[in-house]
Amino acid sequence: MIYETSEVTDGLLRELSLLSATDRTVLSVYIEMEHGWERARRFISQESKRIVPLLSSEEKEYFETSISFLDDALKEKKQDGFNGPGIAFFADLGAGYLKTVELNMPPDPLLAVDKEAIIHPLALQYDEYERIGVIMIDAHCVRVLLVAGLIIDDMDRFCKKIHHLSKVGGWSQMRYQRRRLKQVQHFARDVVDKAESIFGAAKVRRILIAGRDRMITALEGELSQKLKSKVIATVRWDLDAADSDFLRKIKPIMEETEREEEKELLAKMVGELRRGGLGVAGIEQTREALTRGQVDTLMLSKSIDADVIEELTSLAKKTSAAVEFVRGEDKILTSIGGVGALLRYRL
């Protein structure tokens with residue numbers, strides 16, 4: 001899995017949102033891979049048979065050609081050993097556009113043709129399963145990771161020999177202990193330098209530290225204020241434990257962090273609405289603001305109609321607005337129609 005910066009993912013969503021400028025139908029496909037390649041191919045075959053009778057002869061030709069490109073993309077992924085949880089694929093032959101995207105979580109399967117690419121499932125994944133930086137450390141080794149959804153990418157791993165405390169007593173032991181503490185400090189400093197470089201390049205907003213208490217304390221002592229401000233949690237962990245167990249361990253932490261960010265944005269939007277400031281509410285007002293390019297952050301409840309979610313998400317990405325999906329039940333957002341936005345400016 002190649003982890004991309006938020007600028008790249010936003011750029012991709014904007015790319016896809018602009019495919020409606022062509023005269024041809026666009027193929028959008030979301031495939032979950034947890035049940036294997038054969039299951040994925042059966043899904044494509046079944047959905048293709050359902051769609052073909054609904055197309056004109058010209059549309060049918062474009063559709064079948066697009067499906068052949070999808071088959072080629074899947075063969076290439078299989079040959080490369082891809083075994084991730086999902087794949088998204090988009091084809092607009094009128095624009096000469098083909099795109100395969102590796103997903104971090106299994107999507108709801110979808111195969112559709114429309115005048116626009118269907119992007120809200122992809123936008124939802126990028127929002128809900130934003131990658132985080134992880135420093136996993138014990139007294140000898142460290143792993144610097146990028147994690148998103150079910151995917152863990154080892155960015156760096158290194159070990160350093162650090163002596164244990166001497167068993168002898170008196171001054172000897174004290175000198176040995178000071179020496180070891182210095183080694184731990186230097187090790188922690190090296191780890192922070194490497195992590196800061198990796199996380200800076202990936203533009204991660206959240207960092208989690210995992211490991212043994214003593215090493216976590218040493219690491220925290222070397223963090224810059226910038227990195228400290230991004231740390232969302234520390235957890236006890238053994239580097240030899242399975243990655244799948246680690247994902248289960250941090251899942252509640254990530255969900256809680258996402259919910260807290262949603263609450264903060266909702267509170268900010270409500271404050272702007274109350275004072276008649278940079279906020280709008282409801283589908284129609286939000287649609288108008290999106291069309292004029294006023295929206296900075298669009299907020300959507302998952303409970304509203306999927307077609308409305310798709311329309312507003314696409315409008316947002318055309319104007320480079322952020323999209324925040326509110327998964328939890330929120331009475332205030334529901335009371336204003338499940339849609340609201342923070343604005344860049346008022347007219």
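The values are calculated or read from the model by the stated rules, or taken from the named source; none is laboratory data. From a predicted model like this one, the values you see are computed outputs, not experimental measurements. Cβ: placed from backbone, ideal geometry, glycine included. Neighbour counts: every protein chain shown.
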Exercise for the section: Taking Gly200 as meeting all but one of (1) closer than 20 Å to Tyr129 by Cα; (2) touching a residue at least 12 places away in the same chain (Cβ under 8 Å), write down the number of the exception. Expected result: (2)
Fill in the blank from the handout: Picked from the range 162-205 (must be more than 19 Å from Glu222 (Cα to Cα) and basic (Lys, Arg)), the residue modelled with the highest pLDDT is Lys203
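Look through the range 309-345, keep the residues that are of a type in the set (Lys, Arg) and at pLDDT below 90, and return whichever of them is farthest from the chain's Cα centre (by Cα).
Lys331
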Exercise for the section: Answer with yes or no whether Ser48 is modelled with pLDDT under 95 and more than 23 Å from the chain's Cα centre (by Cα). Expected result: no
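Would the range 217-224 turn up any residue that is part of a loop (DSSP other than H, G, I, E, B), out of contact with any Phe, Trp or Tyr (no Cβ under 7 Å at 6 or more places or on another chain) and surrounded by 13 or more Cβ atoms within 10 Å (Cβ to Cβ)? Before you say what the answer is, go through the steps one by one.
Here is the first cut: in the range 217-224, the residues part of a loop (DSSP other than H, G, I, E, B) are 223-224.
Next, from what is left, pick out any that are out of contact with any Phe, Trp or Tyr (no Cβ under 7 Å at 6 or more places or on another chain): 223-224.
Remaining after also requiring surrounded by 13 or more Cβ atoms within 10 Å (Cβ to Cβ): 223.
Looking through the range 217-224, at least one residue is part of a loop (DSSP other than H, G, I, E, B), out of contact with any Phe, Trp or Tyr (no Cβ under 7 Å at 6 or more places or on another chain) and surrounded by 13 or more Cβ atoms within 10 Å (Cβ to Cβ).
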Practice task
From (1) basic (Lys, Arg); (2) exposed (fewer than 13 other Cβ atoms within 10 Å of the Cβ); (3) under 30 Å from Val231 (Cβ atoms), pick out the condition that doesn't hold for Lys268.
Solution key: (2)
Handout entry: Answer from Ile250, Ile283 - the residue that is within 30 Å of Thr217 (Cα to Cα), modelled with pLDDT of 95 or more and either surrounded by 15 or more Cβ atoms within 10 Å (Cβ to Cβ) or touching a helix residue (DSSP H, G or I) at 6+ places or on another chain (Cβ under 8 Å) (or both)
Key = Ile250
Fill in the blank from the handout: Inside the range 5-37, the number of residues satisfying the requirement of being buried (at least 19 other Cβ atoms within 10 Å of the Cβ), part of a loop (DSSP other than H, G, I, E, B) and at pLDDT 90 or above is 1
Exercise for the section: State yes or no: is Arg214 without any contact (Cβ under 8 Å) to a residue 40 or more places away in the chain, among the charged types (D, E, K, R), in the same structural domain as Lys160 (by TED's automatic domain parsing) and in a helix (DSSP H, G or I)? Expected result: no
Problem - Subset of the range 201-232 (residues that are on the phi > 0 side of the Ramachandran plot and in contact with a Lys or Arg (Cβ under 9 Å, 6 or more places away or on another chain)) - result: Gly211
